[in-house]
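Have a look at the structure below before the remarks.
What follows draws every value from the coordinates through simple rules; no lab data is involved. These numbers come from a predicted model, not from an experiment. Positions of Cβ are generated from backbone atoms using ideal geometry, with glycine treated the same way; all protein chains shown enter the neighbour counts.
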Ligand SMILES: [Zn+2]
């Protein structure tokens, strides 16, 4: 005979396995562990990009939808963690903002979302309604959401995510319990990546290139073993140092590399969909809504793919010039971002003027802002302007780019 289980609630409640998997956010996960027992109707997860809000949301959703409270192993948990549970509905911006929409049939709008809050969920049990980037709700959209928050449907839990909670209407914000996800430390990011099997050196490099954003660091470290975005960016910068013709070729090379990245991502995403399709390539009945959402998500990712690649390239450029400045001003090697490239960096022209770094970094930052602006359709032009400016800075500052990058 099995002895009775020892009492478990003598101490703080044990986090369900699925919540225990959320890295580096002890306070938030402790809060969510308590919240699962008797959930409030709305939460707002706040914190910068990459701090784990979305992971926290998935885990919380799994804990709310799993019959065993978030075992991490059952079908409900797996689907929720993949954001594919039929009872999860996710609203996120498809363009710059989340719009109010014409009516409930206008997909990915506030009206569409709010109407679904009152429908019976596809599977028995709770519904989890998520708004990603809730600060991007237009005023009218926020009003529609507010009504749903004011008259919360039974068995429905809203989770709003935002890196800029101050931009959310107070009326909406005050209806939610806030859960903070503070930024992760570099030590934590490195440690997490090492536990996932990366070498310490590579983990530190990815962590620094990603500026402490664990998700981005993971993508950089795993998705792109060769760190193509960096080698392409630095070769382009070297090319730009040869003059204006080189600058234009540099822009062309980088734009072409971004297209290659987009194509490889498209293949990857198509493979992602496969498990949810039948032999004829059509979505299985139960997953129809999920597949539609995945397809929409894929479209969004693909639309942003080139910008994402170029942004990584810009960050790599900024990191490289910043490292040159660190060395030029006598800084120590362990302060470098490009820890794997001390040789290249050390061979940099000693006349590299530290003052020039500011102008180069300024030009790169401006290009990043232009690339992030989705109304800006001519990416090639942004790149040409950047590399022409870098090329001019070389002339103005002497042989700034004698720090040639050797692949
Ligand atoms: Zn489960």
- Shape descriptors of region 81-212 over alpha-carbon atoms, Rg and Dmax in angstrom, are 18.1, 52
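Given the peptides 154-161, 181-188, arrange them by the average over their residues of other C-beta atoms within 10 Å, most packed first. Spell out each step's value before the answer.
Values: 154-161: 21.5, 181-188: 16.9.
Per-residue Cβ counts within 10 Å, averaged per peptide and sorted highest first, yield 154-161, 181-188.
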- Query: Between residue 150 and residue 329, what is the FRET efficiency for a Förster distance of 60 Å, r being their Cβ-Cβ separation, to the nearest 0.05?
  - Reply: 0.60
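Kirkwood hydrodynamic radius (Cα pairs, Å) of region 224-402? Spell out each step's value before the answer.
Numbers: mean 1/r = 0.0557 Å⁻¹.
Hydrodynamic radius (Kirkwood, Cα pairs) of region 224-402 is 18.0 Å.
What per residue convex hull volume, in Å³, comes out for region 279-342 when only alpha-carbon positions are used?
Details: hull volume 8.6 nm³, N = 64.
Normalising the Cα hull of region 279-342 by residue number yields 135 Å³.
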- What length, rounded to one decimal in nm, is gained on full extension from residue 259 through to residue 195, with 0.36 nm per residue of separation minus their alpha-carbon distance? 19.8 nm
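What shape does region 21-93 take by its C-alpha gyration tensor, where a ≥ b ≥ c are the square roots of the eigenvalues and a/c under 1.5 counts as rounded, a/b above b/c as prolate, and the rest as oblate? Walk me through the intermediate numbers first.
On the way: a/c = 1.43, a/b = 1.18, b/c = 1.21.
Verdict is rounded for region 21-93.
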- Note on the structure: Taking a ≥ b ≥ c as the square roots of the Cα gyration tensor eigenvalues, with a/c under 1.5 meaning rounded and otherwise prolate when a/b beats b/c or oblate if not, region 170-280 comes out prolate
- Message: Run the helix sum for the chain: -39,500 (n - 2.57) per DSSP H stretch of 4+ residues, divided by residue count, reported at 222 nm to the nearest 500 deg cm²/dmol.
- Response: -16500 deg cm²/dmol
- Task: Could you give the C-alpha radius of gyration of region 201-264 expressed as a fraction of 2.2 N^0.38 Å, taking N as the number of residues it contains?
- Result: 1.27
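Rank-order 255-261, 112-118 by packing density, defined as the average count of other C-beta atoms within 10 Å over each peptide's residues, highest first.
Details: 255-261: 17.4, 112-118: 19.1.
Descending packing order for the listed peptides: 112-118, 255-261.
Report the rotationally averaged projected area of the chain based on its alpha-carbon convex hull, in square nanometres.
Details: hull surface 97.2 nm².
Computing the convex hull of the Cα atoms and averaging its projections yields 24.3 nm².
Which order do 20, 173 fall in if you start with the one that has the fewest other Cβ atoms within 10 Å?
Numbers: 20 14, 173 20.
Placing the least packed residue first, the sequence is 20, 173.
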- Query: Sorted by packing (mean other beta-carbon atoms within 10 Å per residue), highest first, where do 25-32, 380-387, 327-334 land?
  - Reply: 380-387, 25-32, 327-334
- For the chain, what is the percent of antiparallel DSSP beta bridges, rounded to the nearest 5? 5 percent
- How high is the relative contact order of the chain, in percent, with contacts defined as C-alpha pairs under 8 Å that are six or more residues apart? 15 percent
